[in-house]
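Asks: Below you will find the structure I want to go over with you.
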Amino acid sequence: METKEFLSYMDSGKEVTAGSEVHQYMTELSQKALQITADLNNRYHTPEELLTIMRDLTGRHIDESFSMFPPFYTDCGKNLKIGKHVFINSGCKFQDQGGISIGDGTLIGHNVVLATLNHSQDAAKRGNLLPAPIKIGKNVWIGANATICPGVIIGDGAIIAAGAVVNKDVPDNTVVGGVPAKLIKK
């Protein structure tokens, strides 16, 4: 299997059967991501070096305006799309197999979790995975320790309060917070 084929399958939203060719390839990508993030997280890198490492991790062009404070964790990297003027603070964990897109001007706080995979609710298929993309609009601010669940779309200009667990779409220019996250204001 090639990365392009894997990403196409994951972007389709089809269930990933435990032990399947897709699942095995996902495990291979995870091992590569672990190697890259181990280097990223275990010594100092200049902003230019961080950009090069993130481009290698994602296999995509990332604009020079990108910035990050490591450590940063992902178990794939190849289904992560980052816009211009994005900042990712330290301790973030991105599970991007299902797809994560981050719009221009977005700020992501400390220890944010972006999770794009669920497991089957059927106990006999519990090892199977259900991918669903996270789409983050432009000029979004995600506060520290927030968790964004699979399939969530966050609209342009939205603010996610610190510690929120977001399991539903967030409209443009709103503030949400809590567990589960609810509208605080427009």
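Asks: Once you have the Kirkwood Rh of the stretch 1-107 from its Cα pairs, apply Stokes-Einstein at 25 °C and 0.890 mPa s and quote D in µm²/s.
Replies: 172
Asks: Taking amide H atoms as placed 1.01 Å from N in the peptide plane, list the residues 5 or more away in sequence, or in a different chain, whose amide H sits under 5 Å from that of His85.
Replies: Ser65, Phe66, Gly105
Asks: Calculate, axis by axis, the spread of Cα positions in the stretch 107-166 along the three principal axes, and write the results as whole Å, longest axis first.
Replies: That works out to 41, 19, 12 Å along the principal axes.
Asks: For the stretch 1-147, compute the number of Lys pairs whose alpha carbons are separated by less than 13 Å, excluding pairs fewer than 8 positions apart on the same chain.
Replies: Lysine pairs meeting the criterion: 5.
Asks: Among residues other than Asn173 whose Cβ falls under 15 Å from its Cβ, what is the net charge (Lys/Arg +1, Asp/Glu -1)?
Replies: 0
Asks: At 37 °C and a viscosity of 0.692 mPa s, what translational diffusion coefficient does Stokes-Einstein give for the stretch 46-114, taking Rh as the Kirkwood radius over Cα pairs? Give it in µm²/s as a whole number.
Replies: 279
Asks: Per DSSP H run of n ≥ 4, the term is -39500 (n - 2.57); total these for the chain, divide by its residue number, and report the mean residue ellipticity at 222 nm rounded to 500 deg cm²/dmol.
Replies: Only helices count here, giving -7500 deg cm²/dmol.
Asks: Could you order peptides 13-26, 40-53 by the average number of other Cβ atoms within 10 Å of their residues, highest first?
Replies: Highest-to-lowest ranking by the protection proxy: 13-26, 40-53.
Asks: Just add up the charged neighbours of Lys78: K/R +1, D/E -1, any other residue whose Cβ is under 14 Å from the Cβ of Lys78.
Replies: With Lys, Arg at +1 and Asp, Glu at -1, the net is -2.
Asks: Now for a separate question. Starting at the first residue of the stretch 5-11, write each ³J(HN,Hα) from the Karplus equation 6.51 cos²θ - 1.76 cosθ + 1.60 with θ = phi - 60°, in whole Hz, x for Gly and Pro.
Replies: Listing the rounded values in order: 5, 4, 5, 4, 5, 5, 5 Hz.
Asks: Now for a separate question. Using unit Cβ charges (K, R positive; D, E negative) and no other charged atoms, how large, in debye to the nearest 20, is the dipole of the chain about its Cα centre?
Replies: In total the dipole reaches around 580 debye.
Throughout, read-outs are computed from the coordinates displayed, never taken from laboratory work. What you see is a predicted model; the values in this text were computed from it and never measured. Cβ coordinates were reconstructed from backbone atoms using ideal geometry, including for glycine residues, and neighbour counts include every protein chain displayed.
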